[in-house]
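Structure first, commentary second.
The values are calculated or read from the model by the stated rules, or taken from the named source; none is laboratory data. Only a predicted model underlies this, so the values are computations on that prediction, with no experimental measurement involved. Reconstructed Cβ throughout: ideal geometry from the backbone, glycine too, with neighbour counts over all protein chains shown. Note: areas computed on protein heavy atoms with side chains; ligands, DNA, RNA excluded. Shrake-Rupley method; radii C 1.70, N 1.55, O 1.52, S 1.80 Å.
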Amino acid sequence: MSDPITTRPARSRCWGLLLKAAVVVPELIIASLLWLVIIALLPPGAGFVLTVGGLIFAVVLAVGLGEDLTVRVLYRARRATPAEAQRLAAAWRIATHQLDADGVRLRIVSHGPPVSTAGRCHVLLRKDVVAAYCTNQVAAHQVAAMIAQGFGCLRHGHTRFDLLWTFWTIPWDLVRGLAHGIGRRLAWIPLVQFAWRIRLVVGSIAVILETQAGRWPSAIIIFAFIALSYVLPRSRSAWNEYVSARLSPSLHRRESRWPAFGQPR
């Protein structure tokens, strides 16, 4: 008799890898181009050192070495204080009931979503969630649900090379963050909002004009920018929906087994 539990994941896993690639690969390409520009602007010696050092560090991240230190630096993550650790132990026991939690580490960050992951074995909780839990504003089973969601992301999110992607896309993250900040400050101007909505029309005109003038590189760059402005949000949304769909059944099954806060297991 065929077992659907063993027959479906292969196709689903391939689809998940394709969605993850649709999110990661464009950002890697953009970041690589930015790295080339940065290296070209540096003196030859400094550019060589940066290239060799970056490649060595990338290999170290790819094989999974130094993950804890890298998470603490890249994400500004920290360990729980003794008081926080004592409180989080209850939520951790609930979340990891009947789960293999060996090697998984819980770290606290000051930014980002309430729960996220970093690398192969780090679950990140935002500090305001921990603070609310320590002051009894949030129950243990609610924090346990967040931790269990982090475990699900580690399992289904193809996170093996996430630290490498995070390191490699640092230039693009800086440029994107700067552009996002400028865009938020200019969003109140009606003309800016209208121009962004019709960027396909404006971009197409710019591509045609640049092509007619024989400036192919600028035409390709404009076309790529307009295309990515549509593709990246949709691919990221599809990836988030895929991960949420994979997490929902397991979280529902676990919630049915979670004891109420304060009751013995």
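Points to keep in mind about this one:
- Filtering the range 116-140 to residues that are open to solvent by 20 Å² or more (accessible area, probe 1.4 Å) and within 26 Å of Asp173 (Cα to Cα) leaves Ser116, Thr117, Arg120, Cys121, Arg126, Lys127, Asp128.
- Subset of the range 146-160 (residues that are of a type in the set (Lys, Arg) and outside any helix (DSSP H, G or I)): Arg160
- Residues that are within 19 Å of Gly119 (Cβ to Cβ), at pLDDT 85 or above, not aromatic (Phe, Trp, Tyr) and not in a helix (DSSP H, G or I) do not occur anywhere in the range 29-52.
- Helices (runs of 4 or more DSSP H) wholly inside the range 161-204 containing at least 3 residues that are exposed (fewer than 12 other Cβ atoms within 10 Å of the Cβ) and among the aliphatic types (A, V, I, L, M): 170-186
- The set of residues in the range 73-104 being open to solvent by 30 Å² or more (accessible area, probe 1.4 Å) and either within 17 Å of the chain's Cα centre (by Cα) or aromatic (Phe, Trp, Tyr) (or both) consists of Val73, Leu74, Tyr75, Arg76, Trp92.
- Picking from residues in the range 194-238 that are within 23 Å of Leu34 (Cα to Cα) and of a type in the set (Gly, Ala, Ser), the one that is nearest to the chain's Cα centre (by Cα) is Ser235.
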